[in-house]
Structure formats: structure tokens, C-alpha cells
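In what follows, a structure is listed as C-alpha cells, so that the remarks can point back to it.
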């Protein structure tokens with residue numbers, strides 16, 4: 001959010017090219033803007049806490065609680081951050097109808113899966129500048145290639161978990177899980193579809 005609102009990436013690119021003219025970089029603050037969070041679990045709540053530190057107003061929508069209906073959130077928020085899991089219900093949750101209702105210049109951050117959004121419409125709206133910025137870690141190579149050429153679409157590898165600290169936690173938790181299983185008290189058990197408890 002800070003990157004796109006303050007145009008930091010453009011400023012860095014401009015300086016790399018030897019151009020230090022700040023007048024080309026008029027930008028916006030987060031203070032006073034409205035953040036809409038779709039999926040208000042542990043991560044969504046943490047994002048809300050951080051946004052409030054920057055003076056943002058926060059609205060949210062999830063299955064279990066909401067401050068406003070999804071369509072109103074999409075229509076009124078300056079920044080939308082998606083944190084819901086990919087399920088049958090959330091596939092294409094942000095469809096053509098909803099995406100086209102977004103305010104002109106909306107920033108859309110998708111930390112979930114690309115399948116939650118209608119990517120054809122995202123590409124179209126980003127090309128027109130109606131979506132100021134779309135962030136995602138798209139896995140589909142064909143879609144990724146089409147998005148890569150759009151200046152309003154920002155892609156990253158799926159590397160949110162790739163930190164030294166996260167790797168240390170993962171190693172520690174794996175060892176604890178194996179020990180617990182060997183002691184007959186498994187924890188962090190994942191039960192798949194069709195499996196019995």
C-alpha cells in the first residue's frame with residue numbers, strides 16, 4: 001500500500017535513470033483513505049491493525065462478521081485487500097460485475113489466489129487505469145505473462161513464507177509435530193476430504 005500510494009517504485013526507477021525531479025512524483029497518503037478487507041481472519045485482522053496505524057479507516061467483510069456488505073465495500077473503498085481462502089464459494093468472488101463497481105483508481109491487493117478474481121476483467125480495468133494497481137502472486141504462466149506487460153499490475157513470486165524466521169519456525173514446528181506423533185498425541189492434523197477423523 002505504501003509503495004503504490006507514495007509511488008516508491010517509480011521514484012526508485014527514476015533515480016536509477018539519473019532523474020531526481022520529485023515534481024513528477026506527486027502521490028497520496030494512506031491517512032484518511034478507506035481500506036476494505038475481504039476475509040477477516042488472523043491475517044486480515046493484523047492488516048487492519050497496521051492500516052489503522054497509518055490513519056486509515058477500515059471496513060471488512062467475511063463469512064462470520066462484517067462492518068458492511070461485500071458490494072458496498074467494493075464500491076466505496078480506496079484500497080481492497082483480499083485474505084479469504086480459495087473455496088467453491090470464493091472462486092470468482094470478485095467477478096466482472098463487482099470489479100466494474102470499484103471506484104476509479106482502486107488499489108486491489110490479492111494475497112489469496114488469482115482464481116478469486118476474474119483476471120480477464122482485472123487486466124482490462126488495469127489497462128484502462130480504472131484499477132490503479134493490482135498485486136498478486138499469479139501461478140498460471142499464461143496469465144502471468146499477460147499481466148507482466150501491464151504497468152498497473154504488480155506480480156511477485158509466492159515468497160511470503162520465504163524468510164529466515166519463517167524457515168526456523170517451520171523447522172521447529174515440524175520437529176514438534178513428529179515428536180507429538182511418536183508420543184501418540186498428534187497435533188496440527190490435517191483431515192482431507194473423504195478422510196475420517
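Selection of the stretch 5-39 for residues being surrounded by 15 or more Cβ atoms within 10 Å (Cβ to Cβ) and in a helix (DSSP H, G or I) yields 5, 6, 10, 11, 14.
Is it the case, given these coordinates, that residue 88 is out of contact with any strand residue (DSSP E or B) (no Cβ under 7 Å at 6 or more places or on another chain), without any contact (Cβ under 8 Å) to a residue 60 or more places away in the chain and within 12 Å of residue 125 (Cβ to Cβ)? So residue 88 fails the test. Take the conditions assigned by TED's automatic domain parsing to the domain that holds residue 57, over 29 Å from residue 56 (Cα atoms) and surrounded by fewer than 18 Cβ atoms within 10 Å (Cβ to Cβ) and apply them to residue 149. Does it pass? Criteria met by residue 149. Looking at the stretch 103-117, can you tell me whether even one residue there is more than 14 Å from the chain's Cα centre (by Cα) and under 24 Å from residue 144 (Cα atoms)? Among the residues of the stretch 103-117, at least one is more than 14 Å from the chain's Cα centre (by Cα) and under 24 Å from residue 144 (Cα atoms), which makes the answer yes.
Taken over the stretch 145-175, residues that are under 28 Å from residue 99 (Cα atoms) and either within 16 Å of the chain's Cα centre (by Cα) or assigned to a loop (DSSP other than H, G, I, E, B) (or both) amount to 13. Residue 2 fulfils the conditions (1) touching a residue at least 12 places away in the same chain (Cβ under 8 Å); (2) out of contact with any helix residue (DSSP H, G or I) (no Cβ under 8 Å at 6 or more places or on another chain); (3) loosely packed, with under 12 Cβ neighbours inside 10 Å except for a single criterion, (2).
Taking each residue of the stretch 135-163 that is farther than 23 Å from residue 7 by Cβ and looking for partners that are modelled with pLDDT of 90 or more and outside any strand (DSSP E or B) with beta-carbon atoms closer than 7 Å, six or more apart or interchain, yields 143/119; 146/123. With respect to residue 143, is the statement that it is touching a helix residue (DSSP H, G or I) at 6+ places or on another chain (Cβ under 6 Å) and closer than 21 Å to residue 75 by Cβ true? Against the criterion (touching a helix residue (DSSP H, G or I) at 6+ places or on another chain (Cβ under 6 Å) and closer than 21 Å to residue 75 by Cβ), residue 143 does not qualify.
The values are calculated or read from the model by the stated rules, or taken from the named source; none is laboratory data. No experiment lies behind these values; they were computed from the predicted model shown. So basically every Cβ, Gly included, is an ideal-geometry build from the backbone, and we count neighbours across all protein chains shown.
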